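The values are calculated or read from the model by the stated rules, or taken from the named source; none is laboratory data. Just so you know, these numbers come straight off a predicted model, no measurement behind them. With ideal geometry, Cβ positions are generated from the backbone for all residues, glycine too; neighbour counts draw on all protein chains shown. The protein model used for the area step is the full one, side chains on, heavy atoms only, and it has no ligands, DNA or RNA in it. Shrake-Rupley method; radii C 1.70, N 1.55, O 1.52, S 1.80 Å.
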Amino acid sequence: MNDEKKKSISRRGFLKGAAASAGGLAMAGGMVGVSQAAVPPKKWDRKTDVIVVGAGGAGLMAAVRASDAGAKVVVLQKTPTVYTTSTAVSGGLFAAAGTRAQKEKGIDDSSEKFYQDFLKNGGYMNIPELAHLLTDNSVKVFEWLVDNGLPSFRFEAYPGHSVLRGHRSNKNNGRDLLDTVFAQVKKRNIPVEFGTEVTRLFVDPKGRVMGVEAVKAGKKMNIQAHRAVVVASGGFVRDAATFDSWVPAYSGVGNLTGDPGNVGQGIKMIAKDAGGLPTHLQYSGTYPYGLEVSPRSGPVCRYWYFTPLGSILVNKKGKRYVNETITPTKLSLYLSEQPEKVHYLIASKGVWDEVFAKYPPGGVISPSSPEWIEKELQAGDWLFRANTISELAKKMGIDASGLEKTVETFNSYVQAGNDLEFGRDAKSLTRKIEGGPFYTVKMTFATVLTMGGIRVNDKCQVVDPYGKSIPGLYAAGETTGGVHGNMYMGGCALAWAFTSGWFAGSNAAKG
Ligand SMILES: Cc1cc2nc3c(=O)[nH]c(=O)nc-3n(C[C@H](O)[C@H](O)[C@H](O)COP(=O)(O)OP(=O)(O)OC[C@H]3O[C@@H](n4cnc5c(N)ncnc54)[C@H](O)[C@@H]3O)c2cc1C
């Protein structure tokens with residue numbers, strides 16, 4: 001076989017593989033990725049410079065930056081409000097290295113330290129140029145938010161970060177972040193059109209993205225973007241069928257939490273209409289902290305507020321199975337191997353009360369209220385309370401002597417300052433589980449973000465399977481894939497949404 005023929009066969013093989021991995025990248029008209037359906041209309045209903053799809057942190061940040069760079073911008077948002085976005089309902093933890101607030105507290109941090117932590121946590125599967133974009137720049141974006149009125153926040157330690165760099169909103173959610181950037185959108189009179197769903201990208205014969213088809217109140221319209229389209233329409237966490245098919249590790253189990261509009265539309269549209277390359281689809285930010293009070297939905301319990309103070313996690317057999325203080329998203333992998341994929345937090349009254357006193361209402365179990373917690377403790381489906389460990393086990397429906405033995409053994413490790421089974425750090429072995437009543441929270445998985453999406457370069461331009469940027473098309477936030485590698489690290493998704501939005505917007509204004 002001559003070299004040319006070999007090359008042509010291997011190229012065909014690659015294309016076939018790429019098409020399969022993308023769930024069917026379109027390849028029509030001799031051009032990689034442009035589907036027939038994406039051919040631009042003869043007549044445009046409206047025109048602007050930059051179209052932003054999605055009004056979460058990524059989209060609104062992109063809109064501000066594109067506007068500041070001189071572009072006429074419109075934001076199209078599927079749902080009727082910005083307050084259901086994953087950004088708004090998030091925990092409000094934002095990772096940034098080298099902030100003024102860190103310096104004031106004497107925290108010695110740098111973008112290089114952040115980068116090293118981020119890659120280590122992500123199993124070195126992070127796309128390096130995107131990891132750099134995030135770890136070098138989230139500080140600039142965070143300071144911009146602070147300078148534009150971001151209300152108070154506190155520092156919160158989070159496994160994986162070697163120093164305190166998680167800036168957590170004092171409201172324990174992402175509304176302040178969202179409100180801060182939304183106020184800047186309003187200040188610039190950038191229109192945000194609610195109830196407007198983008199259904200298609202239009203691509204010209206040379207492969208340039210020209211605009212979008214959008215549907216509002218059942219009416220279709222074609223909007224041309226003279227400079228670029230930024231797709232910031234979130235991930236696919238709320239489409240159970242897509243999630244179960246793309247994320248095999250957590251297929252069919254646990255809560256799926258986030259904006260109801262985040263059903264993977266942007267990712268599929270970019271792959272199908274413009275030939276963008278999907279990547280890292282099988283990775284998700286899945287925590288072992290969901291209370292599945294209704295099918296695949298319910299609040300979450302930040303059990304890691306309890307464990308370092310002297311609490312444990314046990315499985316259905318009443319046995320510990322892991323070092324409870326490891327990164328929560330890593331712990332999910334261990335939970336996958338446990339019976340029924342559920343586990344229980346065991347806490348004494350002292351620890352329970354201390355945690356609830358320390359954090360704002362709704363911050364420990366979110367969302368919740370003291371009344372809801374009391375009602376659930378009475379109901380005994382996901383929350384349990386009892387005066388003794390054996391009574392607690394009976395309420396939980398697990399083996400009482402097994403749980404008593406587990407607690408006794410853990411208490412002996414605390415006494416010795418040495419966790420002989422799972423090697424918990426001595427700093428988290430300070431308090432025995434004693435002094436009732438005792439509390440339990442039953443938990444399974446809760447996925448709060450998907451980490452796979454469309455591959456972008458360090459300008460946030462969408463790239464095709466050959467690494468070539470697609471003219472006129474940018475993506476940001478959870479629509480993109482690969483920045484987090486194979487494991488989520490707290491605060492890095494909000495930081496990525498705002499940082500990638502920042503760059504996507506600035507660059508989109510250039511065309
Ligand atoms: C409960 C929870 C807690 C979290 N906590 C944290 C945390 O503390 N720290 C952290 O770093 N990350 C956290 N995350 C993850 C983080 O919030 C998200 O990854 C990030 O906010 C995503 O921002 P985004 O702008 O990409 O998407 P979003 O904020 O979800 O915005 C995307 C918007 O696009 C809209 N849209 C979708 N399709 C279309 C379409 N076709 N046309 C028009 N609009 C469309 C959607 O309706 C949605 O409103 C959390 C997530 C959740 C759900």
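At a probe radius of 1.4 angstrom, the accessible area of the range 257-317 per residue rounds to 26 square angstrom. The convex hull defined by the C-alpha atoms of the range 286-447 has an orientation-averaged projected area of 8.4 nm². Shape annotation for the range 32-89: C-alpha extents along the principal axes are 38, 26, 25 Å, from largest to smallest.
Sorted largest first by accessible area at a 1.4 angstrom probe radius, with every protein chain in place, the residues ASP49, ASP259 fall in the order ASP49, ASP259. Enclosing the Cα atoms of the chain in their convex hull gives a volume equal to 156 cubic angstrom per residue.
When DSSP beta bridges are restricted to pairs lying wholly in the chain, around 70% turn out antiparallel. Of ARG424, ARG175, ARG455, the residue with the largest accessible area leads and the full order is ARG175, ARG455, ARG424 (1.4 Å probe). If ligands, DNA and RNA are left out, what is the accessible area of THR327 with a 1.4 Å probe, given in Å² to the nearest 10? Rounded to the nearest 10, that gives 10 Å². Largest first, the residues HIS343, HIS161 sort by 1.4 Å accessible area into HIS161, HIS343.
Calculate, for LYS220 and THR388, the FRET efficiency according to 1/(1 + (r/R0)^6) with r their C-beta to C-beta distance and R0 60 Å; round to the nearest 0.05. For LYS220 and THR388, the calculated efficiency is 0.40. The residues of the range 371-424 have, on average, 53 Å² of accessible surface per residue, using a 1.4 Å probe with all protein chains present. Maximal additional length on extending the ALA240-LEU420 stretch stands at 60.8 nm, based on 0.36 nm per residue less the C-alpha distance.
Exposure check, 1.4 Å probe, all protein chains in place: SER245 carries approximately 80 Å² of accessible surface.
Rounded to whole numbers, the Karplus 3J(HN,Hα) couplings from phi for the range 292-307 are 7, 6, 9, x, 6, 7, x, x, 10, 10, 7, 4, 6, 6, 8, 4 Hz, using 6.51 cos²θ - 1.76 cosθ + 1.60 with θ = phi - 60°, and x at Gly and Pro. Take the solvent-accessible surface of the protein heavy atoms, probe 1.4 Å, and return the percent of it on the range 286-447 that carbon and sulfur atoms account for. Summing carbon and sulfur atoms, their accessible area is 51 percent of the total for the range 286-447. Surface composition of the range 29-173: carbon plus sulfur atoms contribute 54% of the solvent-accessible area (1.4 Å probe, protein chains only, all chains present). A cut-off of 5 Å between modelled amide H atoms, ignoring neighbours fewer than 5 places along the same chain, links GLU292 with THR444. Put simply, the amide H of LEU473, placed in the peptide plane, has neighbours under 5 Å in VAL209, VAL229, VAL462, leaving out anything fewer than 5 places away on its chain. The charge dipole of the range 286-447, taken about its Cα centre with unit charges on the Cβ of Lys, Arg, Asp and Glu (plus for the first two, minus for the last two), comes to roughly 160 debye.
Using a probe of 1.4 Å on the protein chains alone, the accessible area found for VAL198 is around 10 Å².
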